[in-house]
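So the structure is just underneath, and the comments pick up after that.
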Amino acid sequence: MTSPNDLSSFWMPFTANRAFKENPKFFASADGIYYRTPEGREVMDGTSGLWCCNVGHNNPRIVAAIQAQAARLDYAPPFQLAHEAAFELSARLAAMAPEGFSQVFYGNSGSEAVDTALKIALGYHRVRGEGSRTRLIGRERGYHGVGFGGTSVGGIVGNRRMFGHLLAGVDHIRHTYQPELGRFIDGMPAQGAELADDLQRLVNLHDASTIAAVIVEPIACSTGVLVPPVGYLERLREITSRYGILLIFDEVITAFGRVGAPFAAERFGVTPDIITFAKGVTNGSVPMGGALVRSDIYEAIVSATPKGGIEFAHGYTYSAHPLACAAALATLDVYEEDGLFDRVRALEPYWAAKLHSLKGCPHVADLRNFGLIGAIELESRDGAPGARGTDFFQRCFERDLLVRNTGDIIALSPPFIVEPAQIDHIMDVASQVLGEMA
Ligand code: PLP
């Protein structure tokens with residue numbers, strides 16, 4: 001197996017294209033917790049692909065389900081027509097969701113899930129005669145994908161600055177990054193619930209009658225793993241409920257076991273109005289995303305249109321694609337049959353202890369964790385933010401370990417099948433690399 005010679009035409013997403021093409025990295029196959037390069041090197045996957053391959057790679061039950069579905073029914077139009085697996089999957093997802101959630105609307109990615117959720121929020125208020133509620137509130141440092149909706153409510157400046165004004169009428173509450181209140185915290189910070197009161201500031205500024213929804217990631221992962229302070233999500237729920245504002249949890253990463261429960265909403269004991277999901281629903285094998293919606297929101301929207309009319313003018317050619325549904329049903333089976341959410345809970349203390357054993361290693365400014373998620377925040381090099389993180393990523397890769405860096409923060413999120421000895425290996429490599437880095 002060889003790498004292609006001509007790398008010129010593929011404009012790679014979120015990639016330093018020119019640097020990659022000087023020093024390309026290819027994967028050719030994968031199995032379990034390992035990728036294999038075209039040269040035959042086995043690279044341990046410390047990130048579950050992009051936070052999505054939760055049960056490891058090429059799980060035979062998922063592969064077989066996709067193959068069988070492709071041979072049976074490759075595609076069915078989802079507008080005014082359907083196929084059975086879409087209903088079966090929806091019923092299973094609704095059963096896994098918090099009480100009161102009964103509906104699933106499908107897209108093909110987290111970005112589409114987010115844009116769908118934002119549109120549902122706008123539609124819900126409008127059909128109830130509260131059409132003035134058009135303002136969408138995100139959070140600084142949030143990541144909600146790359147659609148115009150998700151980019152607008154997102155709070156990572158580098159993802160926004162090239163794209164002009166984005167959606168009108170969007171605002172952001174402040175982020176929860178607060179190293180001054182404590183570093184090296186295992187799990188949820190004890191302080192900081194009052195950061196949620198920043199929403200009250202926006203209510204005072206804009207008036208609740210203009211605000212449709214607030215969207216947050218329960219754990220802000222892409223910005224460097226910010227675990228919510230104890231009581232913070234409860235406070236957001238309290239304020240949104242008080243003012244009739246919908247609360248959307250973007251669970252594209254946190255759903256399906258990453259925090260040892262079907263949804264972070266369950267683990268944190270806070271129920272939003274809409275939950276977005278993607279990634280782990282199909283174990284990353286076939287693109288799929290969606291929004292799980294509370295029954296009364298669905299009822300409000302569909303009952304506003306006379307029977308026979310299309311109630312919600314939204315959807316994708318590939319909504320509930322048969323291959324994605326088959327992959328998702330098989331993935332849910334694997335989670336269940338192999339008890340993988342419980343496994344995450346069982347591994348969590350070990351994971352935390354090993355991660356925090358890196359305290360005191362050179363350049364380590366902070367360590368954060370929750371579920372099977374970890375972050376190593378590195379001190380930035382003078383005048384070169386991000387350089388140390390990229391160096392760390394590169395050195396780990398040379399040692400056959402895949403990690404992910406956002407600037408100088410390293411994110412770790414191995415597949416749930418990771419063994420304690422493999423966790424040891426991840427942290428050993430990290431510690432060696434830290435020791436040799438300038
Ligand atoms: N929302 C969150 C919380 C995410 O972490 C991501 C991707 O990492 C997205 C949305 C976007 O998902 P996608 O890349 O599938 O569009």
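Under the condition of being of a type in the set (A, V, I, L, M, F, W, C) and in a loop (DSSP other than H, G, I, E, B), which residue from region 399-423 is surrounded by the fewest Cβ atoms within 10 Å (Cβ to Cβ)? Lay out the reasoning, then the answer.
Initial filter on region 399-423 (of a type in the set (A, V, I, L, M, F, W, C)): 401-403, 409-412, 416-418, 421, 423.
Okay, now just the ones that are also in a loop (DSSP other than H, G, I, E, B), so 403, 416-418.
Values: V403: 25, F416: 28, I417: 19, V418: 25.
Within region 399-423, the match that is surrounded by the fewest Cβ atoms within 10 Å (Cβ to Cβ) is I417.
Inspect all residues belonging to region 119-128 and state whether any of them is more than 13 Å from I297 (Cβ to Cβ) and of a type outside the set (D, E, K, R).
No, every residue in region 119-128 fails to be more than 13 Å from I297 (Cβ to Cβ) and of a type outside the set (D, E, K, R).
May I ask you to say which residue of D31, D45 is surrounded by 13 or more Cβ atoms within 10 Å (Cβ to Cβ), more than 14 Å from D400 (Cβ to Cβ) and acidic (D, E)?
Exactly one of D31, D45 is surrounded by 13 or more Cβ atoms within 10 Å (Cβ to Cβ), more than 14 Å from D400 (Cβ to Cβ) and acidic (D, E), namely D31.
Look at region 283-302 and say how many of its residues are within 16 Å of the ligand (Cβ to nearest atom), of a type in the set (S, T, N, Q) and on the phi < 0 side of the Ramachandran plot.
1
Looking at (1) surrounded by 14 or more Cβ atoms within 10 Å (Cβ to Cβ); (2) within 16 Å of the ligand (Cβ to nearest atom); (3) not polar (S, T, N, Q), can you tell me which one M188 breaks?
Unmet for M188, out of (1) surrounded by 14 or more Cβ atoms within 10 Å (Cβ to Cβ); (2) within 16 Å of the ligand (Cβ to nearest atom); (3) not polar (S, T, N, Q): (2).
If Y75 satisfies all but one of (1) within 16 Å of the ligand (Cβ to nearest atom); (2) surrounded by fewer than 17 Cβ atoms within 10 Å (Cβ to Cβ), what's the number of the condition it fails?
(1)
Within region 335-384, track down each residue that is in a helix (DSSP H, G or I) and touching a strand residue (DSSP E or B) at 6+ places or on another chain (Cβ under 7 Å).
W351, A352, L355, H356
Given the residues D31, D74, which is the only one that is more than 22 Å from the chain's Cα centre (by Cα) and not assigned by TED's automatic domain parsing to the domain that holds G308?
D31
Mind checking whether some residue in region 15-24 is surrounded by fewer than 14 Cβ atoms within 10 Å (Cβ to Cβ) and among the hydroxyl-bearing types (S, T, Y)?
Looking for residues that are surrounded by fewer than 14 Cβ atoms within 10 Å (Cβ to Cβ) and among the hydroxyl-bearing types (S, T, Y), one finds at least one in region 15-24, hence yes.
Can you name the residue in region 169-193 that is out of contact with any helix residue (DSSP H, G or I) (no Cβ under 6 Å at 6 or more places or on another chain) and within 29 Å of S132 (Cβ to Cβ) and is also modelled with the lowest pLDDT among such residues?
Ranking the candidates gives G169 first.
Can you find a residue in region 44-54 that is aromatic (F, W, Y), part of a helix (DSSP H, G or I) and within 16 Å of the ligand (Cβ to nearest atom)?
Yes.
Out of the residues in region 167-197 meeting the condition of being in a helix (DSSP H, G or I) and of a type in the set (G, A, S), tell me which one is farthest from D366 (Cα to Cα).
Restricting to residues being in a helix (DSSP H, G or I) and of a type in the set (G, A, S), the top hit is A196.
Report those helices (runs of 4 or more DSSP H) wholly inside region 67-166 carrying at least 1 residues which are β-branched (V, I, T).
110-127, 148-153, 157-160
Here is a yes/no grid of residues against (1) at pLDDT below 95; (2) of a type outside the set (S, T, Y); (3) within 30 Å of L73 (Cβ to Cβ); (4) touching a helix residue (DSSP H, G or I) at 6+ places or on another chain (Cβ under 8 Å):
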residue: A300; (1), (2), (3), (4): no, yes, no, yes
residue: A313; (1), (2), (3), (4): no, yes, yes, no
residue: T331; (1), (2), (3), (4): no, no, yes, yes
residue: V344; (1), (2), (3), (4): no, yes, no, no
residue: V364; (1), (2), (3), (4): no, yes, no, yes
residue: T390; (1), (2), (3), (4): no, no, no, no
residue: F397; (1), (2), (3), (4): no, yes, no, no
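Within region 303-320, identify whether any single residue is within 16 Å of the ligand (Cβ to nearest atom) and touching a Ser or Thr at 6+ places or on another chain (Cβ under 7 Å), and answer yes or no.
Looking through region 303-320, none of the residues is within 16 Å of the ligand (Cβ to nearest atom) and touching a Ser or Thr at 6+ places or on another chain (Cβ under 7 Å).
Restricting to region 95-154, give me the number of residues that are among the aromatic types (F, W, Y), over 15 Å from the mean Cα position of the chain (by Cα) and either more than 12 Å from G290 (Cα to Cα) or near the ligand (Cβ under 10 Å from one of its atoms) (or both).
Total satisfying the criteria: 3.
Considering only residues that are polar (S, T, N, Q) and within 13 Å of the chain's Cα centre (by Cα), look in region 199-257 and name the one that is nearest to the ligand (Cβ to nearest atom).
Across region 199-257, the extreme among qualifying residues is S222.
The values are calculated or read from the model by the stated rules, or taken from the named source; none is laboratory data. Just so it is clear, the structure is predicted and the values come from calculations on it, not from any experiment. All Cβ positions, even for glycine, are placed from backbone atoms using ideal geometry, and neighbour counts span all protein chains on display.
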